[in-house]
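See below for the structure under consideration.
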Amino acid sequence: MLRPIRTLAAAAAAVALVSACNSASTRGASPQGPGDTPGNTRGVTTDSIRVGGIVSMTTASGYSKKDTDLGAKARYMRANAEGGVNGRRIEYLGAEDDGQNPAKNLAAARKLVQQDKVFAVSPMSSVTFSGADFLEQEKVPTFGWGTLPSFCGPRHIYGFNGCLVPAPGGTLNQTWPEGISQLLGGARGRSVAVIANDSDAGKFGIRTFRQGFAGAGFTVSYAKASVPGTAVPSDWSAYVKEILSSNDGKAPDAVVSVMQTPNNIGLFTALKRAGYKGLLSDPTDYDPGLLTQDATRQALDGVHVLLQFQPFESADPEMERFKADIRAAAGGKDVPLSMHMLTGYMSADLFLSIARKAGRDLTVESFQAAAQGFSDTGTLVGDRALPKGQKDSFGCGALVQLRNGAYEVSVPFRCHEPIPFT
């Protein structure tokens with residue numbers, strides 16, 4: 001039976017926590033060091049595989065990714081209903097809440113490995129991933145949304161749709177620039193403003209999207225990671241003034257926000273009040289739950305949201321199965337779908353697919369060997385391939401637009417050729 005489910009702070013806090021925990025007990029650990037002995041089967045018994053997650057369920061801004069946990073639960077429930085993985089049931093412990101706090105993220109990773117003895121962490125969904133080095137050191141297969149650099153390069157960490165923030169030498173997913181280009185009738189002669197939070201993730205996002213939009217042919221008139229990451233501004237006038245004069249004194253054709261919902265609501269509301277008529281877009285606000293409040297619905301009306309999976313409005317059979325699985329996990333109730341559910345679901349799905357390929361003799365080593373040659377097609381995130389996905393994204397996505405209180409597909413799901421990241 002499944003058990004019940006239960007932005008970057010100062011680096012010094014994380015370092016202090018690492019130091020404090022280095023002397024902590026690691027029950028069952030081998031004196032040989034990280035990852036235990038060759039043939040590591042931590043969390044694996046003759047009839048079960050133990051898995052846990054790390055999710056930002058609570059945050060200082062009120063933004064929550066709690067639905068990620070339900071999505072993972074739904075996929076694991078179906079796997080168990082179908083007989084498990086090579087005869088083993090998934091014992092999903094639910095997700096630890098890291099509060100979007102680096103110290104708590106690392107503490108959650110340590111708890112799952114050292115106390116709960118999980119074989120894998122799936123899903124991991126947060127804007128901070130300070131536990132990444134620990135999980136990699138302990139050789140814990142970890143799956144989540146590859147929006148952080150830690151999903152790009154480490155051997156045991158996987159993005160469910162690949163690596164979205166590569167190092168130089170990798171590639172950039174062009175779904176967003178190409179989709180907006182399609183909506184605007186082409187990128188030539190068009191300008192775009194990109195804004196993000198003042199955080200490591202925000203600065204990296206500005207770097208990648210500046211290059212991505214320029215690569216698609218846009219003029220990037222504004223690109224700043226200037227919005228505080230710890231609190232939503234009460235006054236957006238300074239940001240709006242800069243953006244609306246960034247295109248040689250004129251407004252850009254599109255404004256792209258690489259921020260979370262509370263910031264997007266404030267920014268987009270201020271832009272509309274200032275008379276902005278151009279295209280608005282973000283990668284966050286695809287959530288019917290946001291539409292229950294008039295003010296939120298009005299702020300996001302007309303916004304095009306980037307998706308890196310099939311839209312819920314798709315008639316794809318895989319989407320119908322996803323919806324049925326979510327309904328089952330929610331006790332037979334129809335619940336509002338969210339992109340966070342898809343994050344948890346597809347993180348679990350990739351883990352399960354690799355574990356199945358690894359066979360009955362499941363160890364960390366056999367799992368890793370299976371991952372190195374893994375590929376499949378026709379999933380909700382397109383075609384998947386590893387180890388490609390630990391360096392590059394799978395390159396697929398869509399755009400949906402909120403119109404009159406409902407989402408509509410504005411750019412259908414498709415895959416685009418990536419461009420080199422320099």
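The values are calculated or read from the model by the stated rules, or taken from the named source; none is laboratory data. Worth saying up front: this structure is predicted, and the values here are computed from it rather than measured. Cβ coordinates were reconstructed from backbone atoms using ideal geometry, including for glycine residues, and neighbour counts include every protein chain displayed. Surface areas here come from the heavy atoms of the whole protein model, side chains and all, with no ligands, DNA or RNA. Shrake-Rupley method; radii C 1.70, N 1.55, O 1.52, S 1.80 Å.
Looking for whichever is more than 25 Å from LEU352 (Cβ to Cβ), in contact with a strand residue (DSSP E or B) (Cβ under 7 Å, 6 or more places away or on another chain) and surrounded by 18 or more Cβ atoms within 10 Å (Cβ to Cβ) here; the options are GLY212, GLY162. Which one fits?
Only one candidate qualifies: GLY212.
For the stretch 373-390, state whether one or more residues are among the polar types (S, T, N, Q), part of a helix (DSSP H, G or I), out of contact with any Asp or Glu (no Cβ under 7 Å at 6 or more places or on another chain) and open to solvent by less than 10 Å² (accessible area, probe 1.4 Å).
Checked against the condition, which is being among the polar types (S, T, N, Q), part of a helix (DSSP H, G or I), out of contact with any Asp or Glu (no Cβ under 7 Å at 6 or more places or on another chain) and open to solvent by less than 10 Å² (accessible area, probe 1.4 Å), the stretch 373-390 yields no hits at all.
Can you confirm whether the stretch 400-414 contains a residue that is assigned to a helix (DSSP H, G or I) and open to solvent by less than 10 Å² (accessible area, probe 1.4 Å)?
Checked the stretch 400-414: no residue is assigned to a helix (DSSP H, G or I) and open to solvent by less than 10 Å² (accessible area, probe 1.4 Å).
Which of the residues spanning the stretch 321-372 are more than 19 Å from VAL44 (Cα to Cα), acidic (Asp, Glu) and surrounded by 16 or more Cβ atoms within 10 Å (Cβ to Cβ)?
Hit for the stretch 321-372 is ASP325, nothing else.
Which residues, taken from the stretch 43-77, are part of a loop (DSSP other than H, G, I, E, B) and buried (at least 20 other Cβ atoms within 10 Å of the Cβ)?
Hits for the stretch 43-77 are GLY43, SER56, MET57, LYS65.
Residues are listed down the side, and each one gets a yes or a no for (1) open to solvent by 40 Å² or more (accessible area, probe 1.4 Å); (2) under 19 Å from SER56 (Cβ atoms); (3) touching a Lys or Arg at 6+ places or on another chain (Cβ under 9 Å); (4) of a type in the set (Lys, Arg):
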position: ARG88; (1), (2), (3), (4): no, no, yes, yes
position: ARG110; (1), (2), (3), (4): no, yes, no, yes
position: GLN137; (1), (2), (3), (4): yes, no, no, no
position: PHE143; (1), (2), (3), (4): no, yes, no, no
position: PRO149; (1), (2), (3), (4): yes, yes, no, no
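Could you list, in sequence order, all residues of the stretch 270-305 that are among the hydroxyl-bearing types (Ser, Thr, Tyr) and open to solvent by 40 Å² or more (accessible area, probe 1.4 Å)?
THR292
Tell me, which strands (runs of 3 or more DSSP E) wholly within the stretch 219-291 include 2 or more residues that are of a type in the set (Ser, Thr, Tyr)?
Fully inside the stretch 219-291 and qualifying: 219-228.
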